[in-house]
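Notes follow once the structure below has been shown.
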Amino acid sequence: MVDKQAIQKATAHFGTVLQQQLERVERLTQAQPWLDFTKVKPIVIGVLGGDGIGPTITNEAQRVLERLLRSEVQAGKVQFRVIEGLTIENRAALLQAIPDRVKEEIAQCHVTLKGPTHTPEQGDSWPNIESANVAMRKEFDLFANVRPVRMPQEGIDWIFFRENTEDLYAVGSQGVNVTPDLAIDFRVITTPGTLRIVEAAFDHAKRTGRSKVTVVTKANIVKTTDGKFLNLAREVAARYPGIELDSWYVDIMAANLINPLRRKEFQVLVLPNLYGDILTDEAAQIQGGVGTAGSANIGKRHAMFEAIHGTAPRMVTQGRAQYADPSSVLRAGAMLLEHIGYTALGQRLHRALDICGQYERKVVMTGRDTGATSQQFGDYLMDAVSDASLDRRWEAATQAH
Ligand code: IPM
Ligand code: MG
């Protein structure tokens, strides 16, 4: 017997979800201007340590950024502000993805550097509250998750534009167990949400002289939502003459990334949220591990910079937190510098990371006591960013490969 009551209940819930999403679409169509960092003084950088290995690695990134921005801080152009309280203990106690007080403090910063935060899942020891990352992306409408992966010696120079507020993430905590045997989640793809991420990818391609944008979907199977994403990408592409649009399905794209004959041809990639989540971990692993990759969560009024990985709870329980690699948050820090207008400093930090992490490797991290600590790597990097001959070292290193 079909449970009519269960259907009615689920339908009512679906109605609420639709209502919320249509209201959201309404908000998205009211375009907001971009924050102009040349007019902001001081630029306030919030620092959130997070959980697990978060405080250790974020601390290193903060140290390096403070060094690079020392004279800007002294001149009153930039200010650092540490924000406490975005911890799983606090979030669980308050049953809030982001505690209200923390949210207010974030709102007073122009950008934030954030350590990984624990994401509860069904059946673990924490209440099943929404992920702090996802909440932050939604709350501050950080729609573009930009993730570069670079291996100059392999000819790899990818930049992923992952849509960051929609897809299965938009209402990921609002699925329904219709009956004990039937669970349904909702996938959301909107016109304004898709247009702005695809445009961001094409604008980036245009600005940086790239000739191709690759869109990744599964539009042959997920026809309505992915079909919409792909069609809108085609529409946007038509407005950018000289930049080719290339389209792949996500399964073969996962294979392409590890195909040495094919992977060099990818430049800018644009994808819905979940495919972006998955493929960027794969891409980061190709570069040397998720610990080496940073990410920018960009919105028009706020931007948040973080590692692409989680809190590594095993490293903490095994007493190895001090050996966590800070490269990911440092990469995020380099993107932060570029975002707020300090492009040359950002470039310096990227180069120092290339040298210390991929080429010279004088201080090597293994994640355990067989290698360096986070702080030792931070010191090594600090020396490299302050070295007057950094550019020469970088050129020599990349040419030798
Ligand atoms: C990421 C992470 C997050 C995500 C988690 C921690 C919620 O995997 O930033 O890629 O799924 O987006
Ligand atoms: Mg991820």
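Being within 22 Å of R27 (Cβ to Cβ) and either within 16 Å of ligand 2 (Cβ to nearest atom) or in contact with a strand residue (DSSP E or B) (Cβ under 8 Å, 6 or more places away or on another chain) (or both) holds for only one residue in E139, E163, and it is E163.
Taking the criterion of being assigned to a loop (DSSP other than H, G, I, E, B), over 19 Å from G294 (Cβ atoms) and in contact with a Phe, Trp or Tyr (Cβ under 9 Å, 6 or more places away or on another chain), the residues of region 162-184 that qualify are T165, E166, L168, A170, V171, G172, Q174, G175.
Checked against (1) within 26 Å of I43 (Cα to Cα); (2) within 21 Å of the chain's Cα centre (by Cα); (3) open to solvent by 10 Å² or more (accessible area, probe 1.4 Å); (4) not polar (S, T, N, Q), D100 passes all but a single condition, namely (2). Note on region 272-303: among residues that are more than 10 Å from ligand 1 (Cβ to nearest atom) and of a type in the set (D, E, K, R), the one that is surrounded by the most Cβ atoms within 10 Å (Cβ to Cβ) is K300.
Hey, which of the helices (runs of 4 or more DSSP H) in region 241-351, taking only ones fully inside, have at least 3 residues that are closer than 22 Å to V82 by Cβ? So that I can check it myself, show each step before the final result.
Working: elements: 250-256, 273-287, 313-317, 327-339.
Counting at least 3 such residues, we get 327-339.
Within region 113-127, which residues are away from ligand 2 (no atom under 16 Å from the Cβ) and either of a type in the set (S, T, Y) or in contact (Cβ under 8 Å) with a residue 24 or more places away in the chain (or both)? L113, S125, W126, P127, listed by residue number.
What number of residues within region 140-161 satisfy the criterion of being in a helix (DSSP H, G or I) and farther than 14 Å from E265 by Cβ? So the answer is 2.
Checked against (1) in a loop (DSSP other than H, G, I, E, B); (2) open to solvent by less than 30 Å² (accessible area, probe 1.4 Å); (3) of a type in the set (V, I, T), T366 passes all but a single condition, namely (2). Residue pairs whose Cβ atoms lie under 6 Å apart, sitting 6 or more positions apart in sequence or on different chains, and linking a residue in region 52-67 that is at positive phi to a partner that is open to solvent by 10 Å² or more (accessible area, probe 1.4 Å) and in a helix (DSSP H, G or I), are G52/P313; G52/V316. Identify all residues within region 22-77 that are open to solvent by 40 Å² or more (accessible area, probe 1.4 Å), under 24 Å from the mean Cα position of the chain (by Cα) and small (G, A, S); write none if there are none. The one that is open to solvent by 40 Å² or more (accessible area, probe 1.4 Å), under 24 Å from the mean Cα position of the chain (by Cα) and small (G, A, S): A31.
Among the conditions (1) open to solvent by 50 Å² or more (accessible area, probe 1.4 Å); (2) modelled with pLDDT of 95 or more; (3) more than 16 Å from ligand 1 (Cβ to nearest atom), the only one that L337 does not satisfy is (1). Find all pairs meeting these conditions: Cβ atoms under 7 angstrom apart; at least six residues apart or on different chains; first residue within region 275-289 and without any contact (Cβ under 8 Å) to a residue 60 or more places away in the chain and closer than 12 Å to L257 by Cα; second residue within 11 Å of ligand 2 (Cβ to nearest atom) and open to solvent by less than 40 Å² (accessible area, probe 1.4 Å). As it stands, the answer is D281/I308, since those pairs meet every condition given.
For region 84-114, the set of residues classified as closer than 22 Å to G341 by Cα and of a type outside the set (K, R) consists of I106, A107, Q108, C109, H110, V111, T112, L113, listed by residue number. The single condition among (1) of a type in the set (D, E, K, R); (2) more than 16 Å from ligand 1 (Cβ to nearest atom); (3) over 21 Å from Q399 (Cβ atoms); (4) free of Cβ contacts under 8 Å to residues at least 40 places away in the same chain that K362 does not satisfy is (3).
When the test is whether a residue is over 20 Å from Y323 (Cα atoms) and open to solvent by less than 30 Å² (accessible area, probe 1.4 Å), L390 passes it. Just to be sure before I move on: is Q267 under 11 Å from W158 (Cβ atoms), away from ligand 2 (no atom under 16 Å from the Cβ) and buried (at least 18 other Cβ atoms within 10 Å of the Cβ) in the structure I sent? When the stated conditions are applied, Q267 passes them. Within region 237-260, can one find any residue that is modelled with pLDDT of 95 or more, hydroxyl-bearing (S, T, Y) and within 15 Å of ligand 2 (Cβ to nearest atom)? No, every residue in region 237-260 fails to be modelled with pLDDT of 95 or more, hydroxyl-bearing (S, T, Y) and within 15 Å of ligand 2 (Cβ to nearest atom).
Taking region 304-331 as the range and being open to solvent by 10 Å² or more (accessible area, probe 1.4 Å), within 14 Å of ligand 1 (Cβ to nearest atom) and not basic (K, R) as the test, the residues that pass are I308, H309, G310, T311, A312, P313.
The values are calculated or read from the model by the stated rules, or taken from the named source; none is laboratory data. Everything quoted here is computed from the prediction, not taken from an experiment. Note: ideal-geometry Cβ built from the backbone for every residue, glycine included; neighbour counts use all protein chains shown. Accessible surface is based on the protein model in full, side chains and every heavy atom, while ligands, DNA and RNA are left aside. Shrake-Rupley method; radii C 1.70, N 1.55, O 1.52, S 1.80 Å.
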